[in-house]
Amino acid sequence: MQTEKWTDYEIIATGGGEKLERWGDVILLRPDPQAIWEAPFDMEKYRGLNARYTRSHTGGGGWTTLRPMPAEWTINYGRLRFLIKPMGFKHTGLFPEQAYNWDEMRALVGARGGRPTVLNLFGYTGGASVALAEAGARVTHVDAARNMVERCRQNAKLSGCPDDGIRYIVDDCSKFVAREKRRGNRYDGILMDPPSYGRGPNSETWKLEDGICELVRSAAELLSDKPLFFLINSYTTGLQPTVLENILKLYLPSGSASAYELTLPTSDRGIKLPCGCTGIWRA
């Protein structure tokens, strides 16, 4: 599944383990392990390339600036507006393929009407939180990284979200879910985009394959009596769509579970770039 609605983001070319992207007026070249085919041209020599991220043989990597560019800038997706900034681990602060999921969830929120409550676990810089809050939901945004939660707050302001649209929480997601269960709090929608591996604010460790089933089982208990959706996203190459669909079928109440691969369209030879997969349960 993919969205065709981006105008401020474009994949110009892919290949050789890299992707050449346009973020607004800025051109970036970043690694992509899925792009194993041959590139159509030497992307490093692309006219207008602003910066390239190169991995180090000893781990990590860094950005090399090739042409002047702002330290950060904004791009739009419809009425939504997001800050973009080249950061560590090749990140820019946004995953454009997630726009498809934003639209799916926004449609469910709009059809319900009112102000449904949504819990976003591993919320990162808040792409989904902002999209849902702008659509009328009341979102609880949880991430272990304080700087990512602050970036969500900035994106919400840029997108004109209501002041009470997002509650910002810096916490370990598993511990937060456990506390919400004890408090008796419930949500109409839940989404999570857990990393393959991560650490919480107090050095808690997370490994996707070891923790995902228990987290889904526990979080499912937070659904309200009239739930809308439960969505899991994964960029981990080892988890296929059917795995996510099976998890939802096993740990969610009766409803409809499905899963799909996420892709992004490119301007390169009709190629689609795979970007992980999503499982979604609907009541």
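Readers should treat all values here as calculations from the given coordinates under stated rules, not as data from a laboratory. Quantities reported herein were computed from a predicted structural model and do not represent experimental measurements. Cβ placement follows ideal geometry from the backbone for every residue including glycine, while neighbour counts extend to all protein chains displayed.
Hey, what angle do you get for helix 173-183 against the long axis of the chain, alpha-carbon based, 0 to 90 degrees rounded to 10?
Roughly 20 degrees between the two axes.
Tell me, how many Å apart are the Cα centres for region 250-283 and for region 32-55?
The distance from the Cα centre of region 250-283 to that of region 32-55 comes to 26 Å.
Sum -39500 (n - 2.57) across every DSSP H segment of at least 4 residues in the chain, then divide by the residue count to get the 222 nm mean residue ellipticity, nearest 500.
-7500 deg cm²/dmol
Evaluate E = 1/(1 + (r/R0)^6) for residue 217 and residue 1, where r is the Cβ-Cβ distance and R0 equals 25 Å; express this FRET efficiency to the nearest 0.05.
0.45
Given a cut-off of under 8 Å on Cα pairs at least six residues apart, what relative contact order in percent is computed for the chain?
15 percent
Compute the FRET efficiency between residue 25 and residue 111 as 1/(1 + (r/R0)^6), taking r as their Cβ-Cβ distance and R0 = 41 Å, and round to the nearest 0.05.
Rounded to the nearest 0.05, the efficiency is 0.70.
Among the listed pairs 157/249; 85/226; 5/157, give every one whose C-alpha distance is greater than 32 Å.
With Cα atoms farther than 32 Å apart: 157/249; 85/226.
Less than 17 Å apart at the alpha-carbon level, and either on another chain or at least 8 residues along: which lysines does that give for residue 175?
207
Could you size up the charge dipole of the chain around its Cα centre, putting +1 on the beta carbon of Lys and Arg and -1 on that of Asp and Glu, and report it in debye to the nearest 20?
Dipole magnitude for the chain comes out near 600 debye.
Given just the C-alpha atoms of the chain, how large is their convex hull per residue in cubic angstrom?
Each residue corresponds to 132 Å³ of Cα convex hull volume.
Filter the trypsin sites (Lys or Arg not before Pro) in region 218-283 down to the DSSP loop ones having no more than 10 other Cβ atoms within 10 Å, then list what survives.
Those that pass, being in a loop and sparsely packed, are 269.
If the cut-off is a Cα-Cα distance under 16 Å, which aspartates and glutamates reach residue 90, setting aside same-chain residues fewer than 8 apart in sequence?
18, 21, 32, 44, 72
Could you tell me the center-to-center distance, by alpha carbons, between region 133-176 and region 76-104 in angstrom?
Centre-to-centre (Cα) distance: 14 Å.
Treat every Asp and Glu Cβ in region 9-90 as -1 and every Lys and Arg Cβ as +1, leave all other atoms uncharged, and give the resulting dipole magnitude about the Cα centre to the nearest 20 debye.
Dipole about the Cα centre, nearest 20: 260 debye.
Angle check, please: helix 99-112 long axis (alpha carbons) against the longest principal axis of the chain (alpha carbons), in degrees 0 to 90, nearest 10.
With both axes taken from Cα atoms, the answer is about 30 degrees.
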